[in-house]
Ligand SMILES: Nc1ncnc2c1ncn2[C@@H]1O[C@H](COP(=O)(O)OP(=O)(O)O)[C@@H](O)[C@H]1O
């Protein structure tokens, strides 16, 4: 069986976008291209921050067919893994229920099956989760307020790559930062499956002031075209993304 | 939709949970625990106490039920709690939640037990636990999420029982459920692919965490050797622990034998202690002859 490829963007941010396109709308467009958008909102460890500005975090993930969490930096590592895994499972379950629909001829959700039969479905979902190819684009908000969380972000990504490497399926990951000097996003690490590369990337991170989340998402999604040796991914509907909706400001 | 932190489900005392498929009714007694994968309650089925695990995420229930069924294949000694029922319940606004019911183990987590009863309990507990792990490994699976909270000492039988099968993983697969401090990946001492030595690493950290000098959750350093050095009450076990941490035991029985050898040596030393001994004796610390005999007695009964 060709198990296919799962594509995800993982956005790590600490607040509201304040410039450019509406990230929620961009996220919807990205989901339409078969890429799930997961978002992790990172709170300050001193617990002084008001999490109000972070409601956008949930909205972006929801419209992007992904998972979101708002957490303190000290649990970032486990959160990155949970979010990625759950989003992957969600995608696979969507695929499996389509298959079930073909078998049963009607909309069938796992919970419509007697519990005894669910075990088999679960096994299939787990097998796919272990073996599908996974492409994760990590987009890190490096605006000023994120500065003191960068160490935690680096550790979390490091740890995440370790888990990716344990899987049977292939994986590729890339890392982008936004904002960057004179540009919205900057590629820190092109697609790779080499875990050792993360360490070299992170000292380069420098923080800027604005948070153009929508624009950044919109730009990075194109790079799924550049994943080496992978089934072709076409950014067909790029024109829809490029025009048609306003900015959030 | 999925923005809640954990897929926990709140149930009230005396609430009745009636299964949609098997039609059994459970009465909730109290919450036992809440975790990353759901909530677990003490419940009554007629007069019998049971543990009921319910989650917003039905795949959690399916996965753990699969694991519990697999554990049943071990004859004799029961690995993990016995699975009693799997069902769905409709709650509130027609929301369906999957749940499963298992044997309730009236036990004390190993760390609490050791704190109350003394470090000498680590010997019989390790012997038991490592035999159980060995049986599990013989089935081609590892436990994965091994930590003191998941190792219960049954109050009545004093048997060690493993609970929380969410981390059970076939050999060669990636480990999806683990807890930071017990995970060798976190310490940069190995990968997250399932093999017996992964569990043995976790058990070595469990041992370290039971030293009164160690607060594993507060360890800032990722240098495990420093942790070993500060675990001064466990000196006699340092070599075994170090071995396990560096993946040098291939099987659980090897580690079991190594711990047993330390135990034998300790007993000998304690018998000749009156003559002379500069051997670190903290493990036996409060260990009066009575407690040693007590531990030995249990060891032979087990
Ligand atoms: N069958 C059981 N009998 C008694 N206590 C249990 C049983 N299963 C789990 N527990 C207790 O409940 C705690 C939480 O359950 P667990 O399955 O670990 O939930 P989670 O994995 O979601 O954290 C465990 O650490 C254990 O102490």
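Quick note: the coordinates plus some simple rules give every number you see, no bench work behind them. Nothing here was measured: the structure is a model prediction, and the numbers come from that model. Here Cβ is always computed from backbone atoms with ideal geometry, including for glycine, and neighbour counts include all displayed protein chains.
Observations on the structure shown:
- Residue with peak Gaussian network fluctuation, chain B [Cα springs, cutoff 10 Å], from B:137, B:243, B:93: B:93
- Maximal additional length on extending the residue A:232-residue A:85 stretch stands at 50.6 nm, based on 0.36 nm per residue less the C-alpha distance.
- Relative contact order for the range A:5-239, counting Cα pairs under 8 Å that sit 6 or more residues apart, in percent: 24 percent
- Over chain B, DSSP H runs of length four or greater, each weighted -39,500 (n - 2.57), average out per residue to a 222 nm ellipticity of -10500 deg cm²/dmol.
- Antiparallel content of DSSP bridges confined to the protein assembly as shown, in %, to 5: 60 percent
- Shape category assigned to the range B:107-260 from the gyration tensor of Cα positions, a/c cut at 1.5: rounded
- Exposure proxy ranking, count of Cβ atoms within 10 Å, fewest first, for B:187, B:121: B:187, B:121
- Antiparallel content of DSSP bridges confined to the range A:5-239, in %, to 5: 15 percent
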